[in-house]
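Single-structure report; data block below.
Every number here is computed from the coordinates shown, using simple stated rules; none is lab data. What you see is a predicted model; the values in this text were computed from it and never measured. Positions of Cβ are backbone-derived with ideal geometry, glycine not excepted, and every protein chain shown enters the neighbour counts.
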Amino acid sequence: MEITSKFNLKDRIFWLEHNKVRSAIVKSIQFPLVQMLKKKETIVGQCMYFVSNRTNSSVINWNGGGLRENQIFKSKKELLKNL
């Protein structure tokens with residue numbers, strides 16, 4: 001099984017926080033767990049993206065330091081289009 005991430009290291013990502021668009025550079029990626037259930041590989045969870053620990057964000061701190069793949073976007077335009 002191959003797990004691919006939507007974003008790469010050093011990509012700029014955008015997310016919404018308190019009705020404001022925030023952005024940062026991806027510093028590390030945590031991939032989800034793969035389990036064997038009934039002889040079938042199953043992905044548990046989703047990719048988490050971590051940015052600089054100097055980025056002040058209540059969203060990041062609440063998630064334990066990372067942003068989930070479904071919370072972030074490649075551009076500000078894409079984020080606003082999704083609203």
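Observations on the model:
- The helix-only estimate of mean residue ellipticity at 222 nm for the chain, built from DSSP H runs of length n ≥ 4 each weighted as -39500 (n - 2.57), is -3500 deg cm²/dmol after division by the residue total.
- Result for the chain in a Gaussian network model with C-alpha springs under 10 Å: among Gln35, Gln71, Gln46, the largest mean-square fluctuation is at Gln35.
- The stretch between Asn70 and Phe31 holds 12.7 nm of extra length on full extension. This uses 0.36 nm per residue minus the Cα-Cα distance.
- Values of log10 I(q)/I(0), in the order q = 0.18 Å⁻¹, for region 12-82 under a Debye, Cα-only, solvent-free model: -0.70
- Length-normalised contact order for the chain - Cα pairs under 8 Å, 6+ apart - percent: 30
- For the chain, a Gaussian network of Cα nodes joined below 10 Å ranks Arg22, Arg54, Arg12 by mean-square fluctuation, and the top entry is Arg54.
- Total formal charge among the other residues, if their Cβ is under 13 angstrom from that of Ile13, Lys/Arg +1 and Asp/Glu -1: +4
- Among the listed pairs Lys6/Lys27; Lys20/Lys74; Lys27/Lys81, those beyond 18 Å (Cα-Cα): Lys27/Lys81
- Calculated FRET efficiency, Lys40 to Thr4, Cβ-Cβ distance, R0 = 30 Å: about 0.95 to the nearest 0.05.
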